[in-house]
Structure formats: structure tokens, C-alpha cells
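**Student:** Pasting a structure here, questions to come.
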Amino acid sequence: MNSTKTFYFGNNFHENRTIVIKELLHPSYGCYIWPSAFVLAEYIWEKRDMFKDTTILELGAGTSLPGFLCASLSPQTHVILTDRSDCPQILENIHDGAQLNRLLVTSDDISVGTLRSNVWIRGLTWGEFCFGNQEKDKDGGNLLQLLRDIEQNDRKLDWILGSDTFYDPKDFEDIIATIAYILNYHAQKAKFLTSYQERR
């Protein structure tokens, strides 16, 4: 069973955004909108000038509310939405959500001239740092291949986002290692911004 939720940002006629999120009835965490995603998106909207025209990586994007909002800020804001490589239904849901929000280039977009190519969707396995099969790595979750692809597009990350990525303690070390690797070896000036719900 699928459902959609609509989120509105802004309160004036000059600058506002509407983001539609598709949720799935699925046992994976990444198929639902969690309160932390909305909190992070609200912060991004309030500070939108800091995020506009930057390159942003969202870890554990799930339903991708913060990332979709960032991508909507300007065509020059480049957003890489990532989630688990071993959960194709999450990545498919991100793709569907990006299409719902007209953030991906489709054949319909080409015919009406509304091209937008500032969103990438990739599988990413936290804590995995080795090169392997390049074809497999393209969508198979390899951080090093993702960083190489970013650099080959003459970009460096400005922001790393994560909403409720600190959910399952077994993942904490891999998340921190992934963020540390990016900040130490790829983008020393990037900033990591997270929101999380305190749980027992």
C-alpha cells in the first residue's frame, strides 16, 4: 500500500515550495517519513541561502524530504540522494518521489523543455571504501566510486545531510566512518548536518 504526503514550505507568494513524499507500506525504515526529516527540512528552508547553489549528499535519504527540498532551491543546487544498496525498493521510491516533484529528467520533460539534471540517486553502503567492479560500483554502494563521480563532474561536497541516520546503534560506526572519510579525504570544508529523534 502506498500513500503520499504533501509538505509546504514558505508563507509568502514570492518564495515557497511544495514537496510531495511517497511512502510505502514496507518493513524497511527508509520507506516512511520520520519527524526528523521534517525538522531538518524546516531548518534547510529557514537557512535556504546557505544551501542554494551547493553540492549536497544526503545519507540514508529514505523518502528524501530534505534532499528534494534542497534540489528545488535552484537548478544549480546539485543533490546526491543515497540509501542502502541492498534495498532496491527504497532507491525506487526515491526515484518515484523525484519524478513526482519534477526533479528528474524524463522524456516528457525534454518535450516541454523543463530539463533538470541536478539530482543523482545512488545506493551507498556505509563503511565500504574499496574499489571493485566499476559497473557494479556505479549503483552498488561504493563510496569511493561516488566521490570519484562527483569530482569528475568538477564538484566537491559542501553539505552532508542525514535525518534519523542514527537510528540503529549497529550502524553508528559505519556512518561515522563514512562521514569522516568524506570530510578528511574529499571535502575538508564540507559540513555535516543531522537531525535525530532521541530514543531509549
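The values are calculated or read from the model by the stated rules, or taken from the named source; none is laboratory data. Computed from a predicted model, the values in this text were never measured in an experiment. Positions of Cβ are generated from backbone atoms using ideal geometry, with glycine treated the same way; all protein chains shown enter the neighbour counts. Calculation scope for accessible area: heavy atoms of the full protein, side chains included, ligands and nucleic acids excluded. Shrake-Rupley method; radii C 1.70, N 1.55, O 1.52, S 1.80 Å.
**Student:** I need the Kirkwood Rh of region 1-95: take the reciprocal of the average 1/r across all distinct C-alpha pairs and report it in angstrom.
**Tutor:** On the way: mean 1/r = 0.0732 Å⁻¹.
Taking every pair of different Cα atoms in region 1-95, averaging 1/r and inverting gives 13.7 Å.
**Student:** Let me ask something else about it. Under a Cβ-Cβ cut-off of 9 Å, what is the net charge of the residues other than K5 that fall near it, where Lys and Arg count +1 and Asp and Glu count -1? Kindly include the intermediate steps, with their values, before the conclusion.
**Tutor:** On the way: positive: K22; negative: E23.
With Lys, Arg at +1 and Asp, Glu at -1, the neighbours total 0.
**Student:** Quick one: among S64, S163, S85, which has the greatest mean-square fluctuation in a GNM of the chain with alpha-carbon springs under 10 angstrom?
**Tutor:** Taking springs between Cα atoms under 10 Å, the residue moving most is S85.
**Student:** Right, next: Over the chain, give the accessible area per residue in Å² for a 1.4 Å probe, as an integer.
**Tutor:** 53
**Student:** Of all the accessible heavy-atom surface of the chain, with the other protein chains kept in place and a 1.4 Å probe, what percent is carbon and sulfur?
**Tutor:** Using a 1.4 Å probe with all protein chains present, the chain comes out at 51 percent carbon and sulfur.
**Student:** Provide Rg and Dmax in Å for the chain, with only Cα atoms included in the calculation.
**Tutor:** For the chain, the Cα radius of gyration and maximum Cα-Cα distance read 16.0, 51 Å.
**Student:** Let me ask another. If you count the DSSP beta bridges with both ends in the chain, what percent of them are antiparallel, to the nearest 5? Intermediate values should be presented prior to the final figure.
**Tutor:** Values: 8 of 26 bridges.
In the chain, approximately 30 percent of DSSP beta bridges are antiparallel ones.
**Student:** Let me ask something additional. Kindly point out which whole DSSP H helices in the chain project their C-alpha atoms 15 angstrom or further along the helix axis while averaging a Kyte-Doolittle hydropathy of 0.0 or above.
**Tutor:** Those that pass (Cα extent of 15 Å or more, hydropathy at least 0.0) are 35-46, 172-185.
**Student:** Percent relative contact order of the chain, based on C-alpha pairs within less than 8 angstrom and at least six residues apart?
**Tutor:** Relative contact order, the chain: 19 percent.
**Student:** Report the calculated FRET efficiency for D96 and A180 (r = Cβ-Cβ distance, R0 = 35 Å), to the nearest 0.05.
**Tutor:** 0.65
**Student:** Would you mind working out the magnitude of the charge dipole of the chain relative to its Cα centre, with +1 at each Lys and Arg C-beta and -1 at each Asp and Glu C-beta, to the nearest 20 Debye? Walk me through the numbers before you get to the answer.
**Tutor:** Values: 20 positive and 27 negative charges, 69 e Å.
It comes to approximately 340 debye.
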